[in-house]
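To start, the structure under review is shown below, and the notes come after it.
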Amino acid sequence: MMLETIKSSPNYRWYVLATVAIGTFMSTLDSSIVSVALPTISRQLHSDLATLQWVVSAYLLTITSLLPVFGRIADMFGRKRVFALGFLMFTLGSVLCGFAQNIWFLVGTRVLQAVGASMLMSNAPAIITAIFPPKERGRALGLTGTVVALGSLTGPALGGVIIGLTSWRSIFWINIPIGIIGYIAVLMILPNDVSTKGQESFDFIGAFTFTFGMLGVLLGITNGETWGWFSLPILLSLALGMISLVFFVRTERKVPHPMINLSLFRNRPFLIGNLSGGLSFVAMFANNMLLPFYLQGVLNYEPHQLGLMLMIFPFVMAFTAPISGHASDKFGPMILTTSGLVITALGLFYFSTLSTTASFMQIIPGPILMGLGAGMFQSPNNSSVMSSVPPHKLSIAGGINSLVRNLGMVIGIALSVSLFDAWGGVSLPQPGQVEEFMFAYHSVMLVAMGIAILAAVISYNRKNYIKPNNLLP
């Protein structure tokens with residue numbers, strides 16, 4: 001009886017949004033909460049830093065490689081099924097992570113977690129886009145952006161409290177009740193969607209070559225600075241990854257039902273949104289990677305001061321994103337996305353002017369500008385991208401959108417570290433190395449500013465293509 005009441009309610013779409021938000025919050029919370037536990041895990045599982053990084057890297061690599069695959073599977077077999085299975089896989093992975101007795105078992109179970117997370121991430125935008133009318137879509141996606149920011153904001157603080165009260169294993173077990181509630185909510189609330197598995201075949205060759213190619217390229221990018229960009233493992237990983245991706249593109253042009261329909265990229269709003277979105281994450285994560293080293297290595301911040309400073313960005317973004325999304329429903333995405341990227345560029349320029357004696361209050365405008373810019377850009381851009389594709393391709397479009405976001409993060413981190421090292425920066429400088437650090441940091445911020453400006457120029461070009469007939473009915 002209650003189920004029928006929910007589905008017949010005029011607010012039904014908001015119940016769907018709340019259900020999707022559970023999965024979004026869980027996956028983003030777990031991504032940020034783990035970083036706090038790494039020192040404790042290192043001590044208890046007797047792991048060195050080189051091995052410990054795979055607790056984070058394996059999670060990111062798996063998600064990024066599988067997002068379009070699960071997007072395509074969901075378009076064929078139903079988004080509700082895949083989203084529900086994502087909750088189960090993520091919860092099972094969390095249980096096993098909590099029981100890990102050695103570091104490689106933990107890495108393996110993090111991969112299982114990531115499989116579930118990729119099922120959730122690839123389908124969340126598609127479910128929201130399908131259920132909300134165009135006039136409310138930006139607002140709904142903006143609220144999803146707030147959930148992402150809150151997950152990132154809550155993770156470090158909650159992780160610190162949990163580890164202090166219990167143990168690092170509890171940061172994984174906290175997902176169990178959330179996952180169970182989410183799974184039940186999916187079964188009860190999400191609408192049933194029509195399967196197309198009898199009409200279309202799954203492109204196994206495309207799925208394999210894409211996943212293998214992405215793993216090879218990302219493995220090379222994420223470890224290039226550590227292993228050496230011209231070392232044999234990195235060159236081999238990048239070469240095999242690129243060959244596999246080239247083979248993937250050639251295959252997709254020939255098969256009747258490709259995993260990724262490359263014609264999507266002939267859709268200008270879709271292409272422009274993904275290009276500008278990817279570049280925005282490259283620019284943002286160049287600063288996200290280096291800012292903590294500036295605060296700790298140069299300004300000698302204590303951990304609690306560092307945490308407060310790093311919370312400003314997601315807090316401002318969480319506040320701005322739903323307002324921007326709602327505004328985009330009325331005024332369109334072009335002005336908001338372009339302005340947001342320009343503000344991001346201003347934030348990066350501001351960081352490039354900071355000195356070795358900057359006070360806490362002098363630094364604050366930087367993360368405020370970055371959070372404001374990201375909040376203004378993300379929701380309208382996601383709405384523009386998802387509204388530009390037909391309903392039966394929503395999940396694969398959402399998967400590509402999430403893939404581009406993760407690629408931007410990985411490339412931004414790798415680019416910032418490589419440039420910082422090339423310009424003579426040292427992550428934790430001694431007194432005589434501070435000037436070299438600041439020169440390298442300022443230079444990287446200016447490069448990131450240029451990338452944000454390029455993204456703004458690309459985003460501005462969508463004004464020629466955003467028309468009412470771009471929107472889904």
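Applying the Karplus parametrisation 6.51 cos²θ - 1.76 cosθ + 1.60 with θ = phi - 60° to the phi angles of region 184-192, what ³J(HN,Hα) value in whole Hz is obtained for each residue in order, glycine and proline being reported as x?
5, 4, 4, 4, 7, 10, 4, x, 6
Which FRET efficiency value, to the nearest 0.05, do you get for F439 and S231 by plugging their Cβ-Cβ distance into 1/(1 + (r/R0)^6) with R0 = 25 Å?
0.40
Roll a 1.4 angstrom probe over the protein heavy atoms and tell me the percent of accessible area of region 1-140 that is carbon or sulfur.
68
First check a/c for region 300-366, with a ≥ b ≥ c the square roots of the eigenvalues of its C-alpha gyration tensor; if it is under 1.5, answer rounded, and if not, answer prolate when a/b is larger than b/c or oblate otherwise.
oblate
Rolling a 1.4 angstrom probe over the protein chains, ignoring ligands and nucleic acids, what is the accessible area of T356 in square angstrom, nearest 10?
In the full protein context, T356 sits at about 50 Å².
Starting at the first residue of region 305-314, write each ³J(HN,Hα) from the Karplus equation 6.51 cos²θ - 1.76 cosθ + 1.60 with θ = phi - 60°, in whole Hz, x for Gly and Pro.
5, 4, x, 4, 5, 6, 6, 5, 4, x
Working out 0.36 nm times the residue gap between S201 and H46, then minus their Cα-Cα distance, what length gain in nm do you get to one decimal? The partial results should precede the final answer.
Values: separation 155, 0.36 × 155 = 55.80 nm, distance 4.68 nm.
Roughly 51.1 nm would be gained on extension.
Exceeding 28 Å between C-alpha atoms, which entries from my cross-link table qualify? They are K80/K135; K254/K463; K393/K463; K80/K330; K80/K463.
Those over the limit are K254/K463; K80/K330; K80/K463.
Within a Cβ distance under 15 Å of L415, other residues only, what is the Lys/Arg minus Asp/Glu net charge?
Neighbour charge sum, excluding L415 itself: -2.
Could you give the alpha-carbon Rg of region 330-473 over 2.2 N^0.38 Å, rounded to two decimals?
1.26
Which of rounded, prolate, oblate describes region 236-343, given a ≥ b ≥ c as roots of the alpha-carbon gyration tensor eigenvalues and a/c under 1.5 marking rounded, otherwise prolate only if a/b is larger than b/c?
Cα axes put region 236-343 in the oblate bin.
Roll a 1.4 Å probe over the protein chains and send me the accessible area per residue for region 35-162 in Å².
Ligands and nucleic acids excluded, the result is 34 Å² per residue.
Can you tell me how the chain classifies by the Cα gyration tensor, rounded, prolate or oblate, using a/c under 1.5 as the rounded cut? Spell out each step's value before the answer.
On the way: a/c = 1.38, a/b = 1.27, b/c = 1.09.
In terms of gyration-tensor shape, rounded.
What fraction, in whole percent, of alpha-carbon pairs in region 52-114 exceed 13 Å separation?
Roughly 63 percent, once rounded to a whole number.
Whole-Hz Karplus ³J(HN,Hα) for region 207-219, in order, using 6.51 cos²θ - 1.76 cosθ + 1.60 and θ = phi - 60°, x for Gly and Pro?
Result, ordered by residue: 5, 5, 5, 5, 4, 4, x, 5, 4, x, 5, 5, 4 Hz.
In terms of solvent-accessible area of protein heavy atoms at a 1.4 angstrom probe, what is the ranking of F285, F204, highest value first?
Sorted by accessible area, descending: F204, F285.
Treating only the Cα positions of region 178-296 as identical point scatterers, give the base-10 log of I(q)/I(0) from the Debye formula at each q in 0.21 Å⁻¹.
-1.14
I'd like the accessible area for R139, computed on protein heavy atoms only with a 1.4 Å probe and all protein chains in place. Round to 10 Å², please.
100
Taking a cut-off of 17 Å, what percent of all Cα-Cα pairs in region 288-410 are separated by more than that?
The answer is 63 percent, as a whole percent.
Starting from the Cα gyration tensor of region 87-152, multiply each eigenvalue by 5, take the square root, and state the resulting semi-axes largest first in whole Å.
In descending order, the three semi-axes are 32, 12, 7 Å.
For F265 and M188, calculate 0.36 nm times their separation in residues minus their Cα-Cα distance, and state this gained length in nm to one decimal.
24.2 nm
The values are calculated or read from the model by the stated rules, or taken from the named source; none is laboratory data. Keep in mind it's a predicted model, so treat the numbers as computed, not measured. FYI the Cβ positions are ideal-geometry reconstructions off the backbone, even for glycines, and counts take in every protein chain you see. Surface accessibility is based on the protein's heavy atoms, side chains included, excluding ligands, DNA and RNA. Shrake-Rupley method; radii C 1.70, N 1.55, O 1.52, S 1.80 Å.
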